[in-house]
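The block underneath contains the structure these notes are about, expressed in C-alpha cells.
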Amino acid sequence: MGNSRSGALSKEILEELQLNTKFTEEELCTWYQSFLKECPSGRITRQEFESIYSKFFPDADPKAYAQHVFRSFDANSDGTLDFKEYVIALHMTTAGKPTQKLEWAFSLYDVDGNGAISKNEVLEIVMAIFKMINPEDVKHLPDDENTPEKRAEKIWAFFGKKDEDKLSEEEFIEGTLANKEILRLIQFEPQKVKEKIKEKKQ
C-alpha cells in the first residue's frame, strides 16, 4: 500500500506490531527507517533477507539457515517479506513466548509445509545450523552431537520416533516443552542473535 513506501509507518501496523510483539514504538519506527533504506520498495526478497541475516553472522555461513527462516515467515508465500512479516520474524526468533517460538520452530523444521516433520527435515535444518556454528565451538560439542547427523539422531531419539515416523506439531511442541535438551538441540543459540540485534541498534 501507499504506506509501505512513505517514510512513516502506518498507525494500524504500528499498533498491531506493538500489540503482538514486545518492541516499542521508537524501536519499530527506527527499524522501519532502516528497513526502507535497505529495501526502498517496502518488501524484502529472499536474497536481501539473506544479505541482512549474514550481517548478523559475519563469521559464519548463514545462507541455508536464512533461506529456511525466510520460508517460515513468508506468511503468504509470495517470495517477499513486508515490514510486518519481517518484525514478527525478529520477534518470534528473539523475544516470543515459548509456545510461539515453538510454533515458529515447527514451521522452520516442516520444510515441505505438509504439517508434519520427518527425520530428514530435522537433518536438513540441523545441517543449516551447523554451518553457522564456529568450527572451534563444534570441537567442544559432546561426541553424540558434534555432527549434524548425530544431532538429528539424538533429537529424533528424544521424541521416541522410528526413522520413518513423522512428528506432528502438537507432539513437537509438547515434547520440546517437556524436555529442555530437545530445545537446546533444535535451536541455534538465540542469545547470540539477540546480542547481534542489540549491537546493530546502537
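The values are calculated or read from the model by the stated rules, or taken from the named source; none is laboratory data. Please read all numbers here as calculations on a predicted model, not as lab measurements. Please note: Cβ atoms are built from the backbone with ideal geometry, for glycine as well, and neighbour counts cover all protein chains shown. Just so you know, the surface numbers come from the protein's heavy atoms only, side chains and all, with ligands and any DNA or RNA stripped out. Shrake-Rupley method; radii C 1.70, N 1.55, O 1.52, S 1.80 Å.
Under a 1.4 angstrom probe, counting protein chains only, how are Glu181, Glu170, Glu15 ranked by accessible area, largest first?
Working: Glu181 70, Glu170 125, Glu15 100 Å².
The residues order as Glu170, Glu15, Glu181, largest area first.
Expressed as a rounded percentage, what relative contact order does segment 63-177 have, with Cα pairs under 8 Å and six or more residues apart?
With pairs under 8 Å counted, the relative contact order is 27 percent.
Rounded to whole Å, give me the distance from the Cα center of segment 40-66 to that of segment 130-164.
25 Å
Sorting Arg151, Arg184 by accessible area (1.4 Å probe), largest first, what list results?
On the way: Arg151 15, Arg184 90 Å².
Result of the area sort, largest leading: Arg184, Arg151.
Leaving out ligands and nucleic acids, and using a 1.4 Å probe, what accessible area per residue does segment 99-188 come to in Å²?
Numbers: 4720 Å² over 90 residues.
Heavy-atom SASA per residue in segment 99-188 reads 52 Å².
Quick one: what are the phi-derived ³J(HN,Hα) couplings along segment 123-130, Karplus 6.51/-1.76/1.60 with θ = phi - 60°, whole Hz, x for glycine and proline?
Values per residue, Gly and Pro as x: 4, 4, 6, 4, 4, 5, 5, 4 Hz.
At a 1.4 Å probe radius, carbon and sulfur cover how many percent of the accessible area of segment 99-188? The partial results should precede the final answer.
Numbers: 2440 of 4720 Å².
Ligands and nucleic acids excluded, carbon and sulfur give 52 percent.
Sort segment 81-193 into rounded, prolate or oblate with this rule: let a ≥ b ≥ c be the square roots of the eigenvalues of the Cα gyration tensor; rounded if a/c is under 1.5, and if a/c is not under 1.5, prolate when a/b is larger than b/c, oblate otherwise.
oblate
Quote to one decimal, in nm, the extra length available between Ile133 and Asn179 on full extension: 0.36 nm per residue of separation minus the C-alpha distance between them.
14.3 nm
Once you have a ≥ b ≥ c as the square roots of the Cα gyration tensor eigenvalues for segment 9-127, tell me rounded if a/c is under 1.5, and otherwise prolate or oblate according to whether a/b is larger than b/c.
In terms of gyration-tensor shape, prolate.
How large is the accessible surface of Glu164 in square angstrom, using a 1.4 angstrom probe and rounding to the nearest 10?
About 130 Å², rounded to the nearest 10.
If I model a spin label as a point 7 Å beyond the Cα along the Cα-Cβ vector, how far apart are those points for Lys97 and Ser51 in nm?
That separation, rounded to one decimal, is 3.7 nm.
Give, in nm to one decimal, the length gained when the segment between Thr147 and Gln67 is fully stretched (0.36 nm per residue of separation minus the Cα-Cα distance).
26.7 nm
Could you estimate the translational diffusion coefficient of the chain from the Stokes-Einstein equation, with Rh from the Kirkwood formula over C-alpha pairs, at 10 °C and 1.306 mPa s, in whole µm²/s?
89 µm²/s
What is the spin-label model distance, in nm, from Asn20 to Asn120 if the labels are put 7 Å beyond Cα along the C-beta direction?
3.3 nm
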